[in-house]
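What follows is one structure encoded as C-alpha cells, with my remarks underneath.
Coordinate-derived values only; no laboratory data. Since this is a predicted model, take the numbers as computed values, not measurements. Glycine gets a Cβ as well: all are built from the backbone with ideal geometry, and neighbour counts include every protein chain shown.
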Amino acid sequence: MAFTRIVPLTKEAETITRILAHEIQQVVREAVTICWDAPPADIITVIEECRVVVADPIARELNSHPEVLVLIFTSDEDKRPRVQDLVDRIASRFPVGLKAEIWVTIFDGWGLNFDL
C-alpha cells in the first residue's frame, strides 16, 4: 500500500495544485504503479490544502523552501531498493511551475482495513 499526500506550502501553490490536481495525482499514481508494481487498489493519493501559518523566512529568502511536498508512505520494506526510481520518475513528470520536494518514508507498521 502506498499512501501519498500532496501538500502545498503556500496559498499560491495551493491554487496551482488545485488546478493541476488530476494531472499530479495521475503522475504519482502511474509512478507508484510502474516503479513499485503496485495494483491500483493499493495506491491512495490525496491533495491537501495549505495549512502553513508562517513559512520559514530565511529558507524563502535563500530560495530553498519548496512550494509543494510530495509525501509517500509505505510499510512495504521490499520497495526500498526502488525508491530512487520512483522519485526520479515523479520528478521528471511533475507539472512545471511548482518547486517540489519528494519524500518517501518506509516505516515499520501494521495496518488493518475493515468496514463497520
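Rank 92, 40, 75 by how far each Cα sits towards the positive end of the charge dipole of the range 13-106 (+1 on Lys, Arg Cβ; -1 on Asp, Glu Cβ) and give me just the farthest.
Of 92, 40, 75, it is 92.
Just to confirm the filter: which GluC sites (Glu not before Pro) across the range 1-49 are DSSP coil and have at most 11 other Cβ within 10 angstrom of their Cβ?
49
Select one label from (i) 41, 35, 27; (ii) 62, 27, 18; (iii) 161, 10, 6: the one whose number is Cα extents along the principal axes in Å as derived from the coordinates shown.
Answer label, from the structure shown: (i).
Of the chain, which part is the longest with no chymotrypsin sites (Phe, Trp or Tyr not before Pro) in a loop (DSSP not H, G, I, E, B) and with at most 15 other C-beta atoms within 10 angstrom?
Longest site-free region, per DSSP loop and neighbour criteria: 1-106.
Which net charge results for the neighbourhood of residue 44, defined as the other residues with beta-carbon distances under 10 angstrom from its beta-carbon, given Lys and Arg at +1 and Asp and Glu at -1?
So the surrounding residues net to +1.
Among 72, 19, 47, whose mean-square fluctuation peaks in a Gaussian network model of the chain (Cα, cutoff 10 Å)?
19
Quick one: putting +1 on the C-beta of Lys and Arg, -1 on the C-beta of Asp and Glu, what dipole do you get for the chain around its Cα centre, in Debye to the nearest 20?
The dipole of the chain has a size of about 260 debye.
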